[in-house]
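Okay, structure first, notes after.
Laboratory data are not the source of any read-out in this text; all were calculated from the coordinates shown. Remember, it's a predicted structure, so these values are computed and weren't measured experimentally. Every residue, glycine as well, gets a Cβ built from its backbone with ideal geometry; the counts of neighbours run over all protein chains shown.
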Amino acid sequence: MALPTRVNRTQGYDPIESVQRDFENVLGRFFGNRELDQGFAPYCVDVREDADHIYVEAELPGYTKDEVDVTLENQTLTISAEKKMEKKREEKGQMLLNERRYSRFLRSFTLPPTVDEQTVNAKLNDGILIITLNKREETKPRKIQVG
């Protein structure tokens with residue numbers, strides 16, 4: 001599935017259009033652009049924060065916890081998952097449709113310096129990976145009483 005391309009409606013060079021095209025090319029590589037056939041699965045990720053945490057929620061349907069890796073190094077959070085092709089099962093009859101194959105997922109995020117890299121929790125439930133990153137105490141907002 002190719003991402004839609006945009007037509008430049010102005011004459012000459014349009015820097016915004018150029019940035020948009022570059023952005024779409026990068027997204028195409030990460031979200032499994034079928035023309036490039038790189039095998040990346042097009043799953044979604046949400047990132048949100050509150051006063052104490054940053055939460056990363058990634059859709060990883062069909063992956064087991066043994067197929068998922070989460071790493072945090074130099075303020076970069078990387079989520080990767082890889083599903084290997086199933087070994088051929090000995091079944092009676094001819095295969096009519098075989099869509100379950102090798103797939104992989106890879107996303108990296110640069111985290112703000114407010115994240116405490118020592119306290120990270122990751123859980124995979126029902127195809128949703130939830131990563132909870134605590135913020136460092138010294139970076140949290142605090143209320144100062146006016147005297």
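If R0 is 22 Å, the Cβ-Cβ spacing of GLN145 and THR119 corresponds to a FRET efficiency of close to 0.20. Each label was represented as a point 7 Å from its Cα along the Cα-to-Cβ direction; for PHE23 and GLU82 these points are 3.2 nm apart.
Other residues with beta-carbon under 11 Å from the beta-carbon of PRO61 carry, at +1 per Lys or Arg and -1 per Asp or Glu, a net charge of -1.
Let's test the formula: R0 of 35 Å, r as the Cβ-Cβ distance of LEU106 and ASP52. What FRET efficiency results, to the nearest 0.05?
Once the sixth-power term is evaluated, E becomes 0.80.
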